[in-house]
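Shown next, in C-alpha cells, is the structure this report addresses.
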Amino acid sequence: MRQAGRYLPEYRALKQVHGFLKMVRTPELATEVTLQPLRRYPLDAAILFSDILVIPEAMGQPYSFRDKGGIAMEFRLDSPEAIRRLTPEAVPERLGYVGDAIRLICREVGDEKMVLGFAGSPWTLATYMVEGGSSADFKHLKHLFFTDRENFEALMERITAAVIRLLLLQIEAGVDAVQIFDSWGSACPGAHYKRMSLCWIEKIIAALPPQFPVIVFAKNMSHHADALVATGARALSIDASVNLPELRRLVPETVALQGNLESVLLELPPPVVQAETHAFLSSMRGARGHIMNLGHGITPQARPESVEALLNTVVGFH
Ligand code: CP3
C-alpha cells in the first residue's frame, strides 16, 4: 500500500500548489493523485488517496506535519475528559469528501480495476492521538493501558466506532476491499496484543457486511498469524521481514497473503529490481492466494523507472 507519493514528479507538482491536506480533502484532487500511478503502470488496483489521520481530525483532533518529518497532532489526549470529547458520530458528515472521492475514482477506473479503501487500526490511531503525534516509545498510551483500563477502553471504543463508520461509508461509495493498517501493533507486548489491538480490529470486521474482503496489515507481527486470521481478515498484508513462502505454508489457503518485496529495492537500478522480483515470484510459484505487493509503502526516493521494472516483471511472469 501507498502507491502514490513523492517519488512521482506529478505528485510533487500538485502538492506544491495545494499542500497534502487540501489534496486529501478535495475529491477532485484526491482522485487525481489516486490515478497518477495507474496512468504510468499496469496496476490492478487504485488505492484511495487519503490518510489514516482523517479519523482523529473528524473526531475533533486535527493534525499537521512536523518540519523534519512525522506527525504533530494539535493537542494530545491527556485526560478522561479529552477522550470523552471525541465525536465518532461526526465521522460520516465530516468525512463526506472521502465518499465523494471514491465515487469519482470508481467512475474513472471503471469495472476493470479494483478500488481499495482503508483505515488505521484503533491501536495505531491511538498512538498518534495519545502521544500527540509520531512517537518512538508509545509510553503514554502504554501507561494508559496498564494503569487506567476503563479509559483505555473508552478511547478504543470511540475510535473503533469511528473506523466502522468510515469503512461503511467507503463500502457504500463503492470500494471493492478495505485494508486496516496496524502499523504500530509491534509496540504491544505479545501477551497483550489481543487486548490492546486485535480485539478492536475484530470488532470492526464483524461490523462490516459479511464476507466483505478485509486485508489486515500488522507490520512486524506475522508471528501472531493465527490470531490475525482469527480477526476474520480475508487477507493479511505482510512486511518484508518475513519469508513469505514459509508463512504461506503455515496460514490456511482461505486467507490470502499480500506482499512482501523490500521497498528499498525500488531505489536501485531497474536490472536489480527485475532480478529480485523474478526471484521472489519464483519462490512463490505454485502458492495459492498470493497478492503481489511490497512489504510497505513506496519510499519518496523510489525511482519511477524501477517501479516500472517491478510491474513489468510481475505482469510478464509466467
Ligand atoms: O497510495 C497511497 O498513497 C495510499 C494513501 C495512503 C497515505 N497514507 C497517503 C500519504 C495510505 C494508505 C496511508 C496510510 C498511513 N498514513 C499510515 C499507515 C501505513 C503505514 O505506512 O504504515 C500511517 C501510519 C499514516 C500516517 C502518515 N501519513 C505518516 C506517518 C506520514 C508520513 C509523514 C512524514 O514524515 O512524511 C503520512 C503522510 C502521507 N500519507 C504521505 C502519503 C502519500 C506522504 C506525504 C508526502 O510526503 O507528500
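The values are calculated or read from the model by the stated rules, or taken from the named source; none is laboratory data. Worth saying up front: this structure is predicted, and the values here are computed from it rather than measured. Using ideal geometry, Cβ is built from the backbone for each residue, glycine included, and neighbour counts are taken over all protein chains shown.
For segment 167-194: of the residues being out of contact with any helix residue (DSSP H, G or I) (no Cβ under 8 Å at 6 or more places or on another chain) and under 16 Å from residue 121 (Cα atoms), which is surrounded by the most Cβ atoms within 10 Å (Cβ to Cβ)? Out of the qualifying residues, it is 179.
Looking at segment 201-228, which of its residues are in a helix (DSSP H, G or I) and away from the ligand (no atom under 16 Å from the Cβ)? Step through it out loud before you land on a result.
The initial filter retains those residues of segment 201-228 that are in a helix (DSSP H, G or I), namely 201-207, 222-228.
Listed by number, the residues that qualify are 202, 203, 205, 206, 207, 223, 224, 225, 226, 227.
Out of all the residues in segment 37-46, is one or more farther than 24 Å from residue 259 by Cβ, more than 7 Å from the ligand (Cβ to nearest atom) and not β-branched (Val, Ile, Thr)? Checked segment 37-46: at least one residue is farther than 24 Å from residue 259 by Cβ, more than 7 Å from the ligand (Cβ to nearest atom) and not β-branched (Val, Ile, Thr). Annotation note: Cβ proximity below 7 Å between a residue of segment 137-164 that is at positive phi and a residue that is part of a helix (DSSP H, G or I) (sequence gap 6+ or interchain) occurs for 138/127; 138/131; 138/187.
When residue 51 is tested against (1) at pLDDT below 95; (2) within 18 Å of residue 126 (Cα to Cα), just one condition goes unmet, and that condition is (1).
If only one of 28, 32 is assigned by TED's automatic domain parsing to the domain that holds residue 167, among the charged types (D, E, K, R) and surrounded by 15 or more Cβ atoms within 10 Å (Cβ to Cβ), which one is it? Spell out how you get there, then give the answer.
Numbers: 28 fails: surrounded by 15 or more Cβ atoms within 10 Å (Cβ to Cβ).
Among 28, 32, only 32 is assigned by TED's automatic domain parsing to the domain that holds residue 167, among the charged types (D, E, K, R) and surrounded by 15 or more Cβ atoms within 10 Å (Cβ to Cβ).
Residues in segment 52-70 that are near the ligand (Cβ under 10 Å from one of its atoms) and buried (at least 18 other Cβ atoms within 10 Å of the Cβ): 4 in all.
Among residues of segment 117-136 that are farther than 12 Å from residue 76 by Cα, those with a Cβ under 8 angstrom from a residue that is away from the ligand (no atom under 12 Å from the Cβ) and of a type in the set (Phe, Trp, Tyr), sequence gap 6+ or separate chain, pair up as 121/200; 122/200; 123/200.
Taken over segment 102-131, the residue count meeting the criterion of being out of contact with any Gly (no Cβ under 8 Å at 6 or more places or on another chain) and away from the ligand (no atom under 14 Å from the Cβ) is 7.
Does any residue of segment 149-156 turn out to be assigned by TED's automatic domain parsing to the domain that holds residue 23, more than 27 Å from residue 232 (Cα to Cα) and of a type in the set (A, V, I, L, M)? No - not one qualifying residue is present in segment 149-156. From the list 84, 76, exactly one residue is within 15 Å of residue 155 (Cα to Cα), surrounded by 14 or more Cβ atoms within 10 Å (Cβ to Cβ) and away from the ligand (no atom under 15 Å from the Cβ). Which is it? The match here is 76.
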